[in-house]
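Novice: Before anything else, here's the structure in question.
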Amino acid sequence: MKDVYYPDIALIDTVRDETGDVKTLRMRFKNPDTQKNLSYRSGQFFEVSIFGIGEMPISITSTPSRKAFFELSVKNVGLVSAALHRLPTGSEVGIRGPFGNGFPYEEVFGKNLLFVGGGIGLAPLRSLINNVLDNRDNFGKVIILYGARTPGDLVFKDEFKWWESQPDVTMLLTVDRGDEKWTGNVGVVTTLFPRAGIMSKNAVAFVCGPPVMIPFVIRDLLELGFTDDTIISTLERHMKCGVGKCGHCCIGHKYVCIDGPVFTYHEMKVMTE
């Protein structure tokens with residue numbers, strides 16, 4: 001049985017600048033068999049280590065439908081993330097996981113899907129969006145609503161046109177503060193709701209973004225007719241071990257690293273009772 005605390009070695013193949021403080025690392029395991037056998041769900045995360053510096057949890061932003069690599073989008077917010085930003089292609093890092101429960105996938109076949117993302121919160125949603133679009137016939141209408149602080153903070157901009165071009169997909173963008181070149185919507189992401197044609201019937205909403213965003217999005221989704229079980233979001237905690245041992249991510253009687261990080265709104269309410 002594999003030791004869950006022992007990392008596999010992965011190599012950085014490419015580094016892409018998303019914003020001034022977010023990079024996407026395309027990686028593959030050094031052992032070809034490890035890469036070939038990699039299996040994960042959108043919404044899961046890896047524990048990523050820089051030897052001699054530390055380890056941090058990072059959501060997987062690549063999609064399980066594309067097997068030759070995996071991708072992690074990293075915002076420069078601390079010691080380990082800053083070290084990741086400095087690494088050139090060809091560098092080795094340690095990878096443990098995947099951990100967590102992930103988003104429902106087969107369970108939402110035939111449903112209309114609404115994605116609401118904010119900032120770097122689009123990273124785990126991107127994994128599910130691309131998996132859905134790679135298997136388009138399994139799902140109904142898809143709506144993608146995404147907001148960031150400024151136009152320069154929008155991530156995955158190179159993919160927006162492809163998403164918009166897919167059958168029966170609506171995508172709308174917004175920023176909190178525009179610039180001289182921005183001609184789109186200005187305001188928080190919920191200001192897009194009236195323009196999106198959102199229908200709650202036979203629909204599931206996936207929400208991921210900064211903690212301050214989540215309650216307002218959930219409030220408006222409930223007003224649109226979504227239920228506690230059809231609103232699915234993620235929780236942010238310092239998931240230090242990834243396997244429910246250290247207790248850093250405990251909320252009530254749940255561990256975010258093993259019971260989450262994906263929860264329905266109903267599960268979130270029960271956790272804090």
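Novice: Name the single residue, out of those in segment 34-48 being touching a strand residue (DSSP E or B) at 6+ places or on another chain (Cβ under 6 Å) and without any contact (Cβ under 8 Å) to a residue 60 or more places away in the chain, that is surrounded by the fewest Cβ atoms within 10 Å (Cβ to Cβ).
Specialist: For segment 34-48, the residue satisfying everything is 34.
Novice: Every residue in segment 197-215 that is under 17 Å from residue 122 (Cβ atoms), surrounded by fewer than 16 Cβ atoms within 10 Å (Cβ to Cβ) and in contact (Cβ under 8 Å) with a residue 12 or more places away in the chain, please.
Specialist: 210, 211 - these are the residues of segment 197-215 that are under 17 Å from residue 122 (Cβ atoms), surrounded by fewer than 16 Cβ atoms within 10 Å (Cβ to Cβ) and in contact (Cβ under 8 Å) with a residue 12 or more places away in the chain.
Novice: If you take the residues of segment 234-271 that are charged (D, E, K, R) and closer than 24 Å to residue 55 by Cβ, which of them is surrounded by the fewest Cβ atoms within 10 Å (Cβ to Cβ)?
Specialist: 245
Novice: Moving on to the next point. Pull up segment 39-56, narrow it to residues that are in contact with a Pro (Cβ under 8 Å, 6 or more places away or on another chain) and part of a loop (DSSP other than H, G, I, E, B), then point me to the one that is farthest from residue 263 (Cα to Cα).
Specialist: Only one residue fits best here, namely 39.
Residue by residue, here is whether (1) out of contact with any Gly (no Cβ under 9 Å at 6 or more places or on another chain); (2) within 30 Å of residue 46 (Cβ to Cβ) holds:
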residue: 149; (1), (2): no, yes
residue: 166; (1), (2): yes, yes
residue: 169; (1), (2): yes, yes
residue: 177; (1), (2): yes, no
residue: 209; (1), (2): no, yes
residue: 214; (1), (2): no, yes
residue: 218; (1), (2): yes, yes
residue: 223; (1), (2): yes, no
residue: 230; (1), (2): yes, yes
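Novice: Give segment 205-226 a look and list any residue that's among the hydrophobic types (A, V, I, L, M, F, W, C), under 16 Å from the mean Cα position of the chain (by Cα) and outside any helix (DSSP H, G or I), or say none.
Specialist: Correct list: 205, 206, 207, 208, 213.
Novice: In segment 142-186, which residue that is among the hydroxyl-bearing types (Ser, Thr, Tyr) and crowded, with 21+ Cβ neighbours inside 10 Å is nearest to residue 204 (Cα to Cα)?
Specialist: Residue satisfying both the conditions and the ranking: 146.
Novice: Now a separate question. Would you confirm, using the coordinates I've provided, whether residue 258 is assigned to a helix (DSSP H, G or I), within 25 Å of residue 131 (Cβ to Cβ) and not assigned by TED's automatic domain parsing to the domain that holds residue 119?
Specialist: yes
Residue-wise test of (1) within 19 Å of residue 100 (Cβ to Cβ); (2) in a strand (DSSP E or B).
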{"position": "3", "(1), (2)": "yes, no"}
{"position": "13", "(1), (2)": "no, yes"}
{"position": "68", "(1), (2)": "no, no"}
{"position": "72", "(1), (2)": "yes, yes"}
{"position": "85", "(1), (2)": "no, no"}
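Novice: Which one is surrounded by the most Cβ atoms within 10 Å (Cβ to Cβ) among residues in segment 13-27 that are over 27 Å from residue 104 (Cβ atoms) and among the charged types (D, E, K, R)?
Specialist: 23
Novice: Another one. What is the one condition in (1) among the basic types (Lys, Arg); (2) within 18 Å of residue 171 (Cβ to Cβ); (3) assigned to a strand (DSSP E or B) that residue 126 does not satisfy?
Specialist: Of the numbered conditions (1) among the basic types (Lys, Arg); (2) within 18 Å of residue 171 (Cβ to Cβ); (3) assigned to a strand (DSSP E or B), the odd one out for residue 126 is (3).
Novice: Next up: Being among the hydroxyl-bearing types (Ser, Thr, Tyr), part of a strand (DSSP E or B) and within 19 Å of the chain's Cα centre (by Cα) narrows it down to one residue among 81, 59; which is it?
Specialist: When all the criteria are applied, what remains is 59.
Novice: Sticking with this structure for a sec: Could you tell me how many of the residues in segment 57-99 are within 21 Å of residue 2 (Cβ to Cβ) and free of Cβ contacts under 8 Å to residues at least 40 places away in the same chain?
Specialist: Number of matching residues: 2.
Novice: Checking residue 133 against (1) at pLDDT 95 or above; (2) in contact with a Lys or Arg (Cβ under 9 Å, 6 or more places away or on another chain), only one condition comes out false. Which one?
Specialist: (2)
Novice: So, in segment 248-273, of the ones that are touching a residue at least 24 places away in the same chain (Cβ under 8 Å) and among the charged types (D, E, K, R), which residue ends up farthest from residue 46 (Cα to Cα)?
Specialist: 269
Quick grid of which residues meet (1) touching a helix residue (DSSP H, G or I) at 6+ places or on another chain (Cβ under 8 Å); (2) at pLDDT below 90:
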| residue | (1), (2) |
| --- | --- |
| 235 | yes, yes |
| 238 | no, yes |
| 241 | yes, no |
| 251 | yes, yes |
| 255 | no, no |
| 258 | no, no |
| 262 | no, no |
| 266 | no, no |
| 273 | no, yes |
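The values are calculated or read from the model by the stated rules, or taken from the named source; none is laboratory data. Predicted, not measured: the structure shown is a model, and the values here were computed from it. Methodologically, a virtual Cβ is constructed for each residue, glycine included, from the backbone with ideal geometry; neighbour enumeration extends over all protein chains shown.
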